[in-house]
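The values are calculated or read from the model by the stated rules, or taken from the named source; none is laboratory data. All values derive from a computational prediction rather than experimental measurement. Here the Cβ positions follow ideal geometry from the backbone for every residue, glycine too, while neighbour counts run over all protein chains shown.
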């Protein structure tokens, strides 16, 4: 067997292995993180339910100083929309509040346009606790093909979860500020 044929067989085997690894990635992704923040459920709800307030605590703020933001609909609650367009670190997309239960829950539909298309549901659950409010931040949705490819090379739960942990810490700082 020639060297060219051996290299071709190795290349085909590697492609097949890669396709199998992508195929075995979960078709649905879910990421959840929780933390106690130093505000009442009412104060915490106000910073999550009003999308312009996200600039005070979002883990993605500051990643692109030139990011373009637009807000539409009401300033807070159901129908409030926040759209952004930025560099490769923040991409482009929008989120809309689809459920708003004062001091209890905010649910958003998150639509990514760049770096790849994806739609997820994001829920913030709030519960009064000693020392403040327990905030549980959950995202879930179908795992797109680009997401499944990325999942071969990195742990999506850790990648998303690290951002959520940073955001929850910044939410706590904003409430204590």
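Total residues in segment 109-121 satisfying the condition of being assigned to a strand (DSSP E or B) and within 24 Å of residue 65 (Cβ to Cβ): the figure is 5. The single condition among (1) over 30 Å from residue 170 (Cα atoms); (2) free of Cβ contacts under 8 Å to residues at least 40 places away in the same chain; (3) in contact with a helix residue (DSSP H, G or I) (Cβ under 8 Å, 6 or more places away or on another chain) that residue 16 does not meet is (3).
Name the strands (runs of 3 or more DSSP E) wholly within segment 1-106 that hold at least 1 residues that are surrounded by fewer than 16 Cβ atoms within 10 Å (Cβ to Cβ) and either touching a strand residue (DSSP E or B) at 6+ places or on another chain (Cβ under 8 Å) or at pLDDT below 95 (or both)?
28-37, 68-72, 92-101
Selection of segment 107-128 for residues being in contact with a helix residue (DSSP H, G or I) (Cβ under 9 Å, 6 or more places away or on another chain) and either surrounded by 15 or more Cβ atoms within 10 Å (Cβ to Cβ) or over 17 Å from residue 29 (Cα atoms) (or both) yields 108, 115, 118, 124, 126, 127, 128.
Pairing residues of segment 99-114 that are closer than 15 Å to residue 76 by Cα with residues that are at pLDDT below 95 and in a strand (DSSP E or B), at Cβ distances under 7 Å and at least 6 apart in sequence or on separate chains, gives 109/119.
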